[in-house]
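Participant: Questions regarding the structure given below will be posed in turn.
Please treat every number below as a calculation from the coordinates, not as lab data. Since this is a predicted model, take the numbers as computed values, not measurements. Backbone-built Cβ (ideal geometry, glycine too); neighbour counts: all protein chains shown.
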Amino acid sequence: MSDRTGARGPYARGVARRQEIVHAALEVFATRGYDAVSLREIAAQVGLSHTGLRHHFASKEDLLTAVLRYKDELTLTPDEPVDVSGIAWVRASRDVVALNARQPLLIRLFATLSVQATDPAHPAHTYFVERYRIAREIATRHLAQARDDGDIAADVDAEHCAELMLAAMDGLQVQWLLEPDRVDMVAAYGQFLDRFLAVLAVPLPEDGGTAQR
């Protein structure tokens, strides 16, 4: 028992040190760019030797992966709450944008790396391909449920609309990062979403009455 208890101290310190390294890497990757920073620089920033840092992360690619996972932990809302689905989930997407607006450093990193990672040779290429695939699948599923529930029109292409939602989010992020004092990302996405849902709404019957579900 004493051995197990004693092992927790070094383990906890190791976890804390890894978090410190990830936080430092996040800041320099977001402000200077992934390619412009070396592991030696990050090691010096947290008071480690190059060898000491590589005890925690074998390569800069491994550290980048840890940074991206940390970014997802901070910016993604809990996946699939049981009480939020279909049209409610679509409407709640504005909460994700509001959360992102409070974390500009993370969003700058995401925006910068997502463009660089279009190169198949980039170490984050696979991450972003998978990240967008999952995001499209989740949004498509909820839009399809909203369609099946009669909350949006029966002829809506759920997958296409999911792509449009992601495009609006990411496009507004870039404009906001460029001109944060001029672009209100949260308000702009809210207006987009209201108009988007209005276009997708179930059409009224020709006699002007209430559409039947």
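Participant: For segment 170-187, in order, what is each residue's ³J(HN,Hα) by Karplus, 6.51 cos²θ - 1.76 cosθ + 1.60 with θ = phi - 60°, in whole Hz (x at glycine and Pro)?
Facilitator: Once θ is set to phi - 60°, the couplings for segment 170-187 become 6, x, 5, 4, 5, 4, 5, 5, 6, 9, x, 7, 9, 9, 8, 4, 5, 5 Hz.
Participant: Scan segment 15-114 for trypsin sites (Lys or Arg not before Pro) in coil per DSSP, keeping those whose Cβ has at most 12 other Cβ atoms within 10 Å, and list them by number.
Facilitator: Of the trypsin sites (Lys or Arg not before Pro), the ones in loops of segment 15-114 whose Cβ has at most 12 other Cβ atoms within 10 Å are 102.
Participant: Follow-up question, since we're still on this one. Hey, could you grab the Kirkwood Rh for the chain? Inverse mean 1/r over distinct alpha carbon pairs, Å, one decimal. Each step should come with its number before you reach the end.
Facilitator: Details: mean 1/r = 0.0504 Å⁻¹.
Taking every pair of different Cα atoms in the chain, averaging 1/r and inverting gives 19.9 Å.
Participant: Please determine, in degrees from 0 to 90 and to the nearest 10, the orientation of helix 60-75 with respect to the longest principal axis defined by the Cα atoms of the chain, where the helix direction is its Cα long axis.
Facilitator: For helix 60-75, the angle is close to 40 degrees.
Participant: Next up: Answer with one residue from 37, 123, 203: the one whose Cα lies farthest towards the positive end of the charge dipole of the chain, charges on Cβ with Lys, Arg +1 and Asp, Glu -1.
Facilitator: Value: 37.
Participant: Right, next: Please report, in debye to the nearest 20, how large the charge dipole of the chain is about its Cα centre when each Lys and Arg carries +1 at its beta carbon and each Asp and Glu carries -1 there. Don't skip to the end; give the middle numbers.
Facilitator: Values: 23 positive and 30 negative charges, 258 e Å.
For the chain, the charge dipole is close to 1240 debye.
Participant: Past the 21 angstrom mark, what percentage of all C-alpha to C-alpha distances in segment 62-176 do you count?
Facilitator: Numbers: 2668 of 6555 pairs.
That fraction is 41 percent.
Participant: Kindly identify segment 126-183 as rounded, prolate or oblate by the Cα gyration tensor criterion: order the square roots of the eigenvalues as a ≥ b ≥ c, call it rounded if a/c is under 1.5, otherwise compare a/b with b/c, prolate if a/b is larger, else oblate.
Facilitator: Because a/c hits 1.5 or more and a/b fails to exceed b/c, segment 126-183 counts as oblate.
Participant: Toward the positive end of the charge dipole of the chain, about the Cα centre and with charges on Cβ (Lys, Arg +1; Asp, Glu -1), which of 51, 173, 21 goes farthest?
Facilitator: 51
Participant: Using θ = phi - 60° and the Karplus curve 6.51 cos²θ - 1.76 cosθ + 1.60, what whole-Hz ³J(HN,Hα) does each residue of segment 91-107 get, with Gly and Pro shown as x?
Facilitator: Taking θ as phi minus 60°, the curve returns 5, 6, 4, 5, 5, 5, 5, 4, 5, 4, 5, 8, 9, x, 5, 5, 5 Hz for segment 91-107.
Participant: For residue 148 and residue 51, calculate 0.36 nm times their separation in residues minus their Cα-Cα distance, and state this gained length in nm to one decimal.
Facilitator: 29.3 nm
Participant: Evaluate the distance, in nm, between pseudo-label points positioned 7 Å from the Cα of residue 72 and of residue 19 along their respective Cα→Cβ axes.
Facilitator: With each label placed 7 Å out from Cα toward Cβ, I get 2.0 nm.
Participant: If you don't mind, there's one more thing I want to ask. Would you kindly state how much longer the chain becomes between residue 187 and residue 126 on full extension, computed as 0.36 nm times their sequence separation minus their alpha carbon distance, in nm to one decimal? Walk me through the intermediate numbers first.
Facilitator: Numbers: separation 61, 0.36 × 61 = 21.96 nm, distance 3.20 nm.
Stretched out fully, the residue 187 to residue 126 stretch lengthens by 18.8 nm.
Participant: Here is a further query. Using θ = phi - 60° and the Karplus curve 6.51 cos²θ - 1.76 cosθ + 1.60, what whole-Hz ³J(HN,Hα) does each residue of segment 153-169 get, with Gly and Pro shown as x?
Facilitator: After applying 6.51 cos²θ - 1.76 cosθ + 1.60, I find 4, 5, 9, 5, 8, 4, 5, 4, 5, 4, 4, 5, 4, 5, 5, 5, 4 Hz.
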